[in-house]
Amino acid sequence: MRRLTPRSRPRDIVRERAALKALAACEPELIEFARELVATPSPNPPGDERRVVETARETMARLGYTALRSVGMDASRPNLVGDVGGTAAGPVLMFNGHLDTKPAGEISEWTTRPHDPVIRDGRLYGLGSTDMKGPVAAMVYAGAAVAQTEPPGTLRLALSADEEAGSRFGARFLAGLPEMAADAVLVGEPTGMQMPWAYVGVANRGIACFRVSVHGTQMHSSLSDQVPSVNASVKLGQVLSRMASEFRPRYPHNSKVPGGPTVNLGVTLNGGVFFGIYPGYAEFGIDVRTVPGMTLTGLHADLTAFLEKVRDQDPQLDVSVEPVPDLAWHPPSAIDPEHPLVAAAASAARDVLGREVPLGTMPAFTDGSHWNHAGMACIPAFGPGSLLQAHQPNEFVVVEDVIMAARIYALTALRYLGGDQTAALTRTSRPAGRPRPARPREAR
């Protein structure tokens, strides 16, 4: 275990200043690269990252990354990996970001074209700008700046495919490869909410999906007042209402990993056949966002016990719950809040932003779970942009936040690789890395 409070070493401070100086000199290039990534479509589904990988490869090769290679299960679903540094005896830190995006959705809802990377009012608009091509651009340029300092270890960049559709071709595949093993991993998913850089993600929630089924009496609907019958849709509505007001799954409380699970009821809803037919079957889906310490067995038991209680109070109710195949359990993950990488990221953010950034839990599932469950300590989310802007029309990331991200990532890497997680630059009236750079030309 690295010491968390070593004395600052002059060589470390020199490296940090050199990295920040290198970043200050190329900030317009950084933002132009983010625009290039946004302009290169990579929607998933259908899923094909070849063009965007080639865009990233060209920039990374120009910036001096070594051992650049495409790694994948399928030629149309490549992952791009590159290294900087490479001291054999030093640790390996991996930065991970995904290159695919959700589909654009309804184009008429966009005020700009989804793949037209417009900069307006200090914001970069476009599909994937916050989730997560802006963060990826920051990581790429941070790595290039670190490379100029001859770091005491290896910084590896893994730009992965398929995150938006389950990561089968991306991080889930990469995490099982022995050559991808690292001492620690940082996933650059956006951790802004109402404000940027809201927290350092020391945990991410998992997802578990279930289907609740209710059986009733299917028959001619004209007879519902003539013979005993059970309306499956009505019974389902009663179950849904009870669950909304009363069901709370058990989970282990951990003051060091804030947040609890979220139960989303009725994410799918189906009942009845057609007019004239009394409904004999109805079902609804449940999407539970789980936290570390929860298990599929325990959650299924909580759901079953709750429905048994409701059934005991209504002899006419025929209800059951089953996990949804392929979506039953994608686990949450967490990193020890005392881990050196957490200290490095928190101190870097403090020095760049000029304020403390608290620890928190990423509400969504991230590729951090795949790295974590492969045995690697992983910060599952820490990056520019806001989750509130993801997966919707007019997605954007604030340009200044991408620039700050490159500085934060560079300092995080140097402090972790150098074993000095609390070293800080000599403080001035501005946070580290200032003065402010010249801004790239706005595109209208």
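Would you point out the residue of the range 270-294, among those that are open to solvent by 50 Å² or more (accessible area, probe 1.4 Å) and in contact with a helix residue (DSSP H, G or I) (Cβ under 9 Å, 6 or more places away or on another chain), that is farthest from Ser213 (Cα to Cα)? Residue satisfying both the conditions and the ranking: Phe275. Remark: Arg242 falls outside the filter, which requires a residue to be of a type in the set (Lys, Arg), within 26 Å of Glu395 (Cα to Cα), under 38 Å from the mean Cα position of the chain (by Cα) and surrounded by 14 or more Cβ atoms within 10 Å (Cβ to Cβ). What are the residues in the range 47-79 that are closer than 20 Å to Pro135 by Cα, open to solvent by 10 Å² or more (accessible area, probe 1.4 Å), in contact with a Gly (Cβ under 7 Å, 6 or more places away or on another chain) and not in a strand (DSSP E or B), if any? Within the range 47-79, Tyr65, Pro78 meet the criteria. Applying the selection to the range 284-319, what residues are within 27 Å of the chain's Cα centre (by Cα) and in a loop (DSSP other than H, G, I, E, B)? Within the range 284-319, Val291, Pro292, Gly293, Met294, Thr295 qualify. Residues that are out of contact with any Lys or Arg (no Cβ under 9 Å at 6 or more places or on another chain) and over 15 Å from Thr290 (Cα atoms) within the range 354-372 comprise Arg355, Pro358, Trp371, Asn372, listed in sequence order.
The one condition from (1) within 30 Å of Pro152 (Cβ to Cβ); (2) open to solvent by 30 Å² or more (accessible area, probe 1.4 Å) that Gly90 does not meet is (2). Listed by first and then second residue, the pairs with beta-carbon distance under 9 Å, at least 6 apart or on different chains, first residue in the range 239-262 and farther than 29 Å from Arg311 by Cβ and touching a residue at least 24 places away in the same chain (Cβ under 8 Å), second polar (S, T, N, Q) and surrounded by 11 or more Cβ atoms within 10 Å (Cβ to Cβ), are Val257/Thr361; Pro258/Thr361; Gly259/Thr361.
Taking the criterion of being in a loop (DSSP other than H, G, I, E, B) and surrounded by fewer than 20 Cβ atoms within 10 Å (Cβ to Cβ), the residues of the range 144-195 that qualify are Gln148, Glu150, Pro152, Gly166, Arg168, Gly176, Leu177, Ala181, Asp183, Met193, Gln194, Met195.
Within the range 170-189, the set of residues being out of contact with any strand residue (DSSP E or B) (no Cβ under 6 Å at 6 or more places or on another chain) and either within 13 Å of Cys378 (Cα to Cα) or not aliphatic (A, V, I, L, M) (or both) comprises Arg172, Phe173, Ala175, Gly176, Pro178, Glu179, Ala181. For the range 113-122, a tally of residues being over 16 Å from Pro28 (Cβ atoms) and not in a loop (DSSP other than H, G, I, E, B) returns 1. Mind checking which residues of the range 125-143 are within 23 Å of Asp367 (Cβ to Cβ) and outside any helix (DSSP H, G or I)? Gly126, Leu127, Gly128, listed by residue number. Inspect the range 270-278 for any residue being touching a residue at least 24 places away in the same chain (Cβ under 8 Å) and among the polar types (S, T, N, Q) and give the result as yes or no. Checking the range 270-278: not a single residue is touching a residue at least 24 places away in the same chain (Cβ under 8 Å) and among the polar types (S, T, N, Q).
Exactly one residue among Glu27, Glu32 is under 24 Å from Leu411 (Cβ atoms), touching a Pro at 6+ places or on another chain (Cβ under 7 Å), among the acidic types (Asp, Glu) and open to solvent by 40 Å² or more (accessible area, probe 1.4 Å), and that residue is Glu32.
For Ala198, the test of being in contact with a Lys or Arg (Cβ under 9 Å, 6 or more places away or on another chain), of a type in the set (Gly, Ala, Ser) and not in a helix (DSSP H, G or I) is failed. Residues of the range 74-96 that are farther than 16 Å from Ala145 by Cα and either free of Cβ contacts under 8 Å to residues at least 40 places away in the same chain or within 22 Å of the chain's Cα centre (by Cα) (or both): Ala75, Ser76, Arg77, Pro78, Asn79, Leu80, Val81, Ala88, Ala89, Val92, Asn96.
The values are calculated or read from the model by the stated rules, or taken from the named source; none is laboratory data. In this text, all values refer to a predicted model and were calculated from it rather than measured experimentally. Every residue, glycine among them, receives a Cβ derived from its backbone with ideal geometry; neighbour counts consider all protein chains shown. Surface accessibility is based on the protein's heavy atoms, side chains included, excluding ligands, DNA and RNA. Shrake-Rupley method; radii C 1.70, N 1.55, O 1.52, S 1.80 Å.
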